[in-house]
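Peer 1: Got a structure for you, questions after.
The values are calculated or read from the model by the stated rules, or taken from the named source; none is laboratory data. This one's a predicted model, so the numbers in the text were calculated from it and none came from an experiment. Cβ placement follows ideal geometry from the backbone for every residue including glycine, while neighbour counts extend to all protein chains displayed. For accessibility, only protein heavy atoms count, side chains too; no ligands or nucleic acids. Shrake-Rupley method; radii C 1.70, N 1.55, O 1.52, S 1.80 Å.
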Amino acid sequence: MAQQQTTNYYVPAQSYWPIVGAIGLLFIAIGAGTTVQQIGSEASSGSWMLTIGIVIIIAMMFGWFNDVIVESDKGLYSAQMDRSFRQGMSWFIFSEVMFFAAFFGALFYVRTIAIPWLGGASNNVMTGQILWPDFEAVWPLVTTPAGDTTTAMGWQGLPLANTIILLTSSITLHIAHKGLEENNRKKLTALLAITVLLGVAFLVLQAEEYVEAYRHMGLTLSAGVYGNTFFLLTGFHGMHVTIGTIMLFVMLWRVLKGHFTPERHFAFQATSWYWHFVDVVWLGLFFFVYIL
Amino acid sequence: MNTASATQDEHEIEHDHKPKGLMRWVLTTNHKDIGSLYLMFSFLMFLVGGAMAMVIRAELYQPGLQIVEPNFFNQMTTVHGLIMVFGAVMPAFTGLANWLIPMMIGAPDMALPRMNNWSFWILPMAFSILLASLFMEGGGPNFGWTFYAPLSTTYSPDSTALFVFAVHIMGISSILGAINVVVTIVNMRAPGMTYMKMPLFVWTWLITAFLLIAVMPVLAATVTMVLTDKYFGTSFFAAAGGGDPVLFQHIFWFFGHPEVYIMILPSFGIISAIIPAFSRKKLFGYSSMVYATASIALLSFLVWAHHMFTTGMPVAAELFFMYCTMLISVPTGVKVFNWVATMWRGSLTFETPMLFAIAFIVLFTIGGFSGLMLAITPVDFQYHDTYFVVAHFHYVLVTGAIFSIMAACYYWLPKWTGHMYDERLGKMHFWASVISVNVLFFPMHFLGLAGMPRRVPDYALQFADFNQLVSIGGFAFGLSQLIFLVVLIKCARGGKKAPAKPWEGSEGLEWNMPSPAPYHSHTTPPEIK
Ligand code: HEM
Ligand SMILES: [Cu+2]
């Protein structure tokens, strides 16, 4: 570890933000739980608490990140601190990968094990015959054992367009990053702006796809396990794209304010990692949810 | 090393002005403060979860329903399990990690100190929600700590949504805490502290943190699917919609089995520090310990379905999971061998930490053996869901994980508080615990073999005598922990002054610091030989 500079690691003094964040999460957890319990009733205390929680968390993020920016501008951070941030972000993304992996695992299990078994495969011949003799074990599962029907979403059209949009956005973001490293602010600003727009475009098309699914295709969240996996996977992905787009937007705003140098731009780097990760997840989705 | 501790003392004078009052604890970014918070929270949860265990054992003292309703009984077993796993054992290890890792690797603090504070303060929030849900209409979670579908979906109480979000934020806390540990170990070691010079406690925590980051998100996904199945009409775990309740078990145990190793790997690190110290010998087979820990962690991803032998998996799967499970006992055996070999011909003394460590080796091994029995598919068909399983996991978790945590407290208390604990009370605590814990859990093996199912408030008459014995052991074990509370309070408030290195045979950077350890650890990196 001889190459690692270990002296002068900056240990921040006391901070209000973590406890604010913990209280924010308390509100979010109670609020979200209560909201779910209040589905179908007039009461709205849950959504109020949830909103308060989200506002607190957003305030915390502004305050906390602002402290970090100020400290960084004061030159309090060393190269070692920068490594801490980068490693922390990488591990966070790894945890996100595992979150999606669980849903993909559920998808694979349902497709390769649960549905064939319901159709009588393996040692389940009698189960199939006695419980649901008419059940057809196919994927996409357009008719559930209980008899609910739906339609499958094709991969052409909106999903394909969205694939192209996200792939392009990863490239534009990469070029923007190059621009930052070359200190070419024009290139940086322009391509980052394009990336934000592509992110928004993706979200708009995704929303259109959902509307189409709900209005015309009978494909809903509760439409059997095909709809379940479809909406949970694309939904959580869409949530991540939303967060990623907001992050990119904040980066754009900071770039316009003159933040970041070719050497020091951890926040930009982290956002770009996050965006590439979201992109890769989409590729997995495109193959396993839409095409195959 | 002398130069290092001299500079340490100078810095102590400069830096040792601790903030005062309650807000010190709320706003702190100091790894020692946060470590203490984690440990105190964990002890509080240990008492709360313990009180629930007392309710369970009181009800089971006699056959028939005496004290509580069956539904409340189920809430007690469920919340007891959740609290002990997520509120007592895991935070205790995180607290130890916070206190010890920066001192052991020569770092000034944890890598991300503000995030460290956040990780801690999420926990009281999560457990307040969980405990509050017990008082809601319809009651709290009653589906077992494993919340199998459809118990947690079709048949669960209305408060399940709160359970789900409480688990979500407790998961956020664990993931952030684990990220902090990994980054600290990878990035903050003093120059010269190579990986293979790290104390085993640091090694085992590095691997534990990796497991945490890998599987806590899977738990988050599981509770999310439970939420949508219950409230949003999905059918991940319902056959009528094309799903499968067994899918729940696969995903849960993909998290759950690594989780049980999360609760034992740091213990291995603790025992590997204490046994050499009181044997006055170097640890036997340091590098084999490292490799054994890593292989246990990797294998732990391949054995989850040993909890599901009776679900009707194809024979090939049953065999695969049986053999992989048995394979894990090989590296575990290596560890036990190394500890015993370390004691072999050492100059042993038996202070309280050593007593707990030796009890750990013996009793954890019993738990390992019963695990091995459960791993044999055909016999698990008989043992599954009986008290035999309850006996197994309490041997590995109580006399394993919790004994190691107690050993760690006794071992490092002088460093934390600057005072020696009361050795006489410590020994009393040990003997009371070790005898009662066996009265409590050993007869459970026989109850299970004779066919008593787990998670029942009432049982057939022939189990009455053993259950009475078990309950008496339980009450005794619960009371014995009050001695521990007294020891801790006494030691925090005063006692014989502890020297920098109270244990003759102990090794590691933390023993070069004065006792109590200065508020800020190595503000300049120490020199590593
Ligand atoms: C030699 C190592 C081990 C083996 C072979 C083993 C094997 C098993 C098996 C086969 C089961 C399932 C029994 C059933 O439900 O029918 C089981 C349950 C369990 N084991 Fe282990 N185990 C080992 C070590 C551990 C350790 C180190 C821990 C935790 C520190 C642990 C904690 C548990 C828990 C909590 C359960 C019960 C989960 C539940 O159903 O509530 N085991 N073990
Ligand atoms: Cu297991």
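Peer 1: What is the Å³ per residue value for the convex hull set by the Cα atoms of chain A?
Peer 2: Taking only Cα atoms, chain A has a hull volume of 179 Å³ per residue.
Peer 1: Right, something else. Accessible area per residue for the protein assembly as shown in Å², computed with a 1.4 Å probe and the full protein assembly in place, what is it?
Peer 2: Heavy-atom accessible area per residue stands at 38 Å².
Peer 1: Also, quick follow-up: Mind listing the long-range amide H neighbours of B:HIS419? Cut-off is under 5 Å, sequence gap 5 or more, other chains count too, H placed in the peptide plane at 1.01 Å from N.
Peer 2: Amide H neighbours of B:HIS419, under 5 Å, 5+ apart: B:ALA498.
Peer 1: What is the average number of partner chain Cβ atoms found within 10 Å of a Cβ in A:193-204?
Peer 2: Neighbouring Cβ atoms belonging to other protein chains average 0 per residue here.
Peer 1: If you fit an axis through the alpha-carbon atoms of helix A:45-73 and take the longest principal axis of the Cα set of chain A, what angle between them do you get, 0 to 90°, nearest 10?
Peer 2: Around 30 degrees separate the two axes.
Peer 1: Next question. Principal axis extents for chain B, Cα atoms only, whole Å, descending order, please.
Peer 2: For chain B, the Cα extents along the three principal axes come out at 70, 49, 46 Å.
Peer 1: Which angle from 0 to 90°, rounded to the nearest 10, does the C-alpha axis of helix B:200-231 make with the longest principal axis of chain B?
Peer 2: Once rounded, one gets 30 degrees.
Peer 1: Right, here's the next one. Restricting things to alpha carbons, tell me how big the stretch B:67-207 is in terms of Rg and Dmax, in Å.
Peer 2: For the stretch B:67-207, the Cα radius of gyration and maximum Cα-Cα distance read 18.6, 61 Å.
Peer 1: Return the average number of partner chain Cβ atoms within 10 angstrom of each residue Cβ along peptide B:168-178.
Peer 2: 3
Peer 1: Using a 1.4 Å probe on the protein chains only, how many percent of the accessible area of chain A belongs to carbon and sulfur?
Peer 2: In chain A, the share of accessible area belonging to carbon and sulfur is 68 percent.
Peer 1: Ok, one more. Quick check on the stretch B:338-417: what does the Kirkwood estimate of hydrodynamic radius come out to from the alpha carbon pairs, in Å?
Peer 2: Taking every pair of different Cα atoms in the stretch B:338-417, averaging 1/r and inverting gives 14.1 Å.
Peer 1: For n ≥ 4 DSSP H runs only, could you compute -39500 (n - 2.57) per run for the protein assembly as shown, divide by its residues and tell me the 222 nm figure to the nearest 500?
Peer 2: Counting only the DSSP helices, I get -23000 deg cm²/dmol.
Peer 1: Note the angle between two axes, namely the Cα long axis of helix A:79-109 and the longest principal axis of the Cα atoms of chain A, as a number of degrees from 0 to 90, rounded to the nearest 10.
Peer 2: Once rounded, one gets 0 degrees.
Peer 1: Under a no-solvent Debye model with one identical scatterer per Cα of the stretch A:1-77, what's log10 I(q)/I(0) at q = 0.16, 0.17, 0.22 Å⁻¹?
Peer 2: Results for the stretch A:1-77 at q = 0.16, 0.17, 0.22 Å⁻¹ read -0.69, -0.72, -0.93.
Peer 1: At q = 0.16, 0.19 Å⁻¹, what is the log10 ratio I(q)/I(0) for the stretch B:51-109, with the Debye formula run over Cα points and no solvent?
Peer 2: So the normalised log intensities are -0.60, -0.71.
Peer 1: Give the dimensionless ratio obtained when the Cα radius of gyration of the stretch A:69-177 is divided by 2.2 N^0.38 Å.
Peer 2: In units of the 2.2 N^0.38 Å rule of thumb, it is 1.82.
Peer 1: Still on this model: From other protein chains only, count the Cβ atoms within 10 Å of every residue's Cβ in A:102-112, then give the mean.
Peer 2: Across A:102-112, the average partner-chain Cβ count within 10 Å equals 5.
Peer 1: As a quick test, which of the pairs B:LYS282/B:LYS490; B:LYS18/B:LYS497; B:LYS20/B:LYS197; B:LYS32/B:LYS282 have an alpha carbon distance above 30 angstrom in this structure?
Peer 2: Beyond 30 Å: B:LYS282/B:LYS490; B:LYS20/B:LYS197.
Peer 1: Dividing the alpha-carbon Rg of the protein assembly as shown by 2.2 N^0.38 Å yields what?
Peer 2: 0.97
Peer 1: Let me ask something else about it. Relative to the compact-globule scaling 2.2 N^0.38 Å, provide the ratio for the alpha-carbon radius of gyration of the stretch A:170-284.
Peer 2: Output field value: 1.25.
Peer 1: Taking a temperature of 10 °C and a viscosity of 1.306 mPa s, what whole-number D in µm²/s does Stokes-Einstein yield for the stretch B:376-512 with Rh from Kirkwood over alpha carbon pairs?
Peer 2: Using the Kirkwood radius from Cα pairs, D works out to 93 µm²/s.
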